[in-house]
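Participant: Have a look at this one before I ask anything.
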């Protein structure tokens, strides 16, 4: 087994762990010990996926496989944003200023740059898939930077940290399932590969995540004013 094959095997094993713990956390009662522990393992698994995806993308690019390299690089960029936000939203639930710090901004810029890059590649080669999917990176980048510039508004949202957490986790779920459906499943079941699966792999998880977010917003983002202290703290440090 070559070094690259070993890297792919590790990536796949960690990805399997990520899928299992994602659904474990999703099915568990929110705030329970199982939910928290499964979520922690999931985020650690996602870090492992990021660490293995970067050299995989570089290896593919060095051999002229631009589309696969772009695919991996793009997912890495938007996933890095989601992993950071999902973790820090809980850790910084009482400090919106700390949450929207330099790493948060850098992750937004990375997602925005990745979205622009995929859009440019899609326009160059006339790929509807890349053109359409670039919207996620563009939106994530815009949304992240917008929240940083207007973080007093973020602090005023009801349970803003919870909304940020589950929104980021849903974004991570999109990337996890796209990678599995587009790369993992065709290898496990070659007969299932085809154009329909290809497009479903990219846009199916996105549709499910949008529906899930709407449902979660109705349940957890009901109007409730943030504490005056949180709003004042955000306004006092807003730039």
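Participant: What is the spin-label model distance, in nm, from residue 40 to residue 116 if the labels are put 7 Å beyond Cα along the C-beta direction?
Facilitator: A separation of 3.9 nm, rounded to one decimal place.
Participant: Once R0 is set to 35 Å, what does the formula 1/(1 + (r/R0)^6) return for the Cβ-Cβ distance between residue 211 and residue 3, expressed as a FRET efficiency to the nearest 0.05?
Facilitator: So the FRET efficiency works out to roughly 0.30.
Participant: Here is a further query. Can you tell which of 102, 55, 205 shows the greatest fluctuation in a Gaussian network model of the chain with Cα springs below 10 Å?
Facilitator: In the Gaussian network model the winner is 102.
Participant: Which of 88, 29, 157 ends up with the largest GNM mean-square fluctuation for the chain, with Cα atoms connected below 10 Å?
Facilitator: Highest fluctuation among the options: 29.
Participant: Which FRET efficiency value, to the nearest 0.05, do you get for residue 103 and residue 135 by plugging their Cβ-Cβ distance into 1/(1 + (r/R0)^6) with R0 = 25 Å?
Facilitator: 0.55
Participant: So how far, in whole Å, is the C-alpha centre of region 47-90 from the one of region 3-29?
Facilitator: Centre-to-centre (Cα) distance: 14 Å.
Participant: Taking only C-alpha pairs under 8 Å that are 6+ residues apart, what is the relative contact order of region 43-127 in percent?
Facilitator: Numbers: 55 pairs, mean separation 23.0, N = 85.
So the answer I get is 27 percent.
Participant: How high is the relative contact order of region 1-94, in percent, counting Cα pairs under 8 Å that sit 6 or more residues apart?
Facilitator: Worked out over region 1-94, it gives 24 percent.
Participant: How far apart, in nm, are two points set 7 Å out from the Cα along the Cα-to-Cβ line at residue 30 and at residue 61?
Facilitator: 3.8 nm
Participant: Where does the chain land at 222 nm, in deg cm²/dmol rounded to the nearest 500, when only DSSP H runs of n ≥ 4 count, each adding -39500 (n - 2.57), divided by all residues?
Facilitator: Numbers: 11 runs with 197 residues, N = 239.
Helix-only estimate at 222 nm: -28000 deg cm²/dmol.
Participant: Order 106-113, 64-71 from most to least packed using the mean count of other Cβ atoms within 10 Å.
Facilitator: Highest to lowest by the protection proxy: 106-113, 64-71.
Participant: Follow-up. For residue 146 and residue 159 in one chain, what is 0.36 nm times their gap in residues minus the Cα-Cα distance, to one decimal in nm?
Facilitator: The span from residue 146 to residue 159 would gain 2.9 nm if fully extended.
Participant: Expressed as cubic angstrom per residue, what is the convex hull volume of the alpha carbon set of region 66-123?
Facilitator: Values: hull volume 3.6 nm³, N = 58.
Per-residue hull volume (Cα only) is 62 Å³.
Participant: Would you mind calculating the relative contact order of the chain from Cα pairs under 8 angstrom and at least 6 residues apart, reporting the percent as a whole number?
Facilitator: 19 percent
Participant: Okay, moving on. Could you tell me how many degrees, from 0 to 90 and to the nearest 10, lie between the Cα long axis of helix 66-91 and the main elongation axis, the longest principal axis, of the Cα atoms of the chain?
Facilitator: Compared with the principal axis, the helix lies near 30 degrees.
Only the coordinates and a few stated rules stand behind these numbers; no lab work does. If you're wondering where the values come from, they're calculated on a predicted model, not measured in any experiment. Note: ideal-geometry Cβ built from the backbone for every residue, glycine included; neighbour counts use all protein chains shown.
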